[in-house]
There are 2 protein chains.
Amino acid sequence: MAKHSANAFTGAKCYGFCTRAGGLLLSEHKYCPDCGAALERRVVAGETRNHWRCTGCGELDYAYPMIVVTCFVAHEDRLLWVQRGIQPRLGAWAIPGGFMESGETLAQAAARELHEESGILLPPEQLQLYMTGTITFINQVYIGFRARVDTDFCDPGTESLDCGFFSQEDCPWDQVAYPEVNDSVLQAYADLETGRFDVWQAEMTEGRYDFWSVAER
Amino acid sequence: MAKHSANAFTGAKCYGFCTRAGGLLLSEHKYCPDCGAALERRVVAGETRNHWRCTGCGELDYAYPMIVVTCFVAHEDRLLWVQRGIQPRLGAWAIPGGFMESGETLAQAAARELHEESGILLPPEQLQLYMTGTITFINQVYIGFRARVDTDFCDPGTESLDCGFFSQEDCPWDQVAYPEVNDSVLQAYADLETGRFDVWQAEMTEGRYDFWSVAER
């Protein structure tokens, strides 16, 4: 059923995606973001899992996943890569992407990250939904888009050291920032070759990695 | 390009999805969830938008969207609806769904909500990706899945007052909890009739509503 599957996945815990220096995730909230009082664990009526509740104002606090949007931009058979100009993984290469923020749509977030990291400005409606995925142990959901451009001109701006379009053969595989998600990049190169683009799904947990297309299942 | 589009969308601001009584969203964090000190606005190097920074420990705090997962479960030409047994919209009917939590994949979250609200237990891998969407003004991302079941047996459990499978003609349209997303439900009924299921995308902002399939664009 799954195109790629691996047991006992042994990737690094944080992947460098975490925004906080110590890799602290949303699930580790200790204080209420509304009033600053301490949170306590409790069982909420109707649900048997533990949630957090503020000991001050009584508001409930849940641990939500964060959303990372990525942008697979192709010029002919080459994909856009950016060399990270900020931590984490400064100097390593990645597909453009970053954290979705408030007040933007998924496609707007992906277009913003593309623009910030490569200078390339695309209308969000030109971005096609391409991949969705979860990495459970870092509490992140991935939404990937794809687009084509007519020229390979790009500008690294302030967030990237460099950027450019690379064929599968020429891209800097030994300097990639997140080799754990290389499968999705290889899939994008394969789809560029066939010209057939399905929507792909990925799940990465402590012990399992699955990657499959919506059409397959 | 868009299948449905409307200007000057005038839906209710909160949709009842907000977890906090006052409709307070993640973007309104006032205190650091790590140390409880006050947050201050600041411009982060390399990005011109405002972010928050803790005046105590110095950690950065962003406003992230929350993810709502939903589950369109069909028995023949009927879809599963649940009558909400908890606030908000207690007593109104909805497609099963709820907030994704930490440590689960998108499909696991959808399967959990389905089980909590209807008693129906499906393996997450039987859920097919069906819809993605953003409602920017409440800072929420929607990921919808679809599945088929062989029997229409369900049990409302503790979170629902009732549940059942309804045809498009028979379902309680005058008692739906979130009429703003009726389009997606009507699309699901239409797809059940044709037997052809694409992946759908939706964007709802203050002034715009678009709904289209990946294949269309």
Find, among the chymotrypsin sites (Phe, Trp or Tyr not before Pro) in region B:150-188, those assigned to loop by DSSP (not H, G, I, E, B) with at most 12 other beta-carbon atoms within 10 angstrom. B:153
How far is the Cα center of region A:101-139 from the Cα center of region B:186-212, in Å? 20
How big is the Rg/Rh ratio for region A:73-199, C-alpha atoms only, Rh by Kirkwood, two decimals? 0.92
So, in nm, how far is label residue B:152 from label residue B:55 when the simple model puts each one 7 Å beyond its Cα toward the Cβ? 6.0
Using a Förster distance of 51 angstrom, determine the FRET efficiency expected from the C-beta separation of residue A:126 and residue A:208, and round it to 0.05. 0.90
Take peptide B:134-147, look around each residue's Cβ out to 10 angstrom, count Cβ atoms belonging to other protein chains, and average those counts. 3
Going 7 Å from Cα along the Cα-Cβ axis for the label, what nanometre distances separate residue B:193 from the same residue across the other copies? 4.3
Just the Cα atoms of region B:49-111, one point each, no solvent: what log10 I(q)/I(0) does Debye give at q = 0.13 Å⁻¹? -0.57
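Bear in mind that the values in this text are calculations on the coordinates, not laboratory data. Quick caveat, the model's predicted, so the values are computed rather than measured. Using ideal geometry, Cβ is built from the backbone for each residue, glycine included, and neighbour counts are taken over all protein chains shown.
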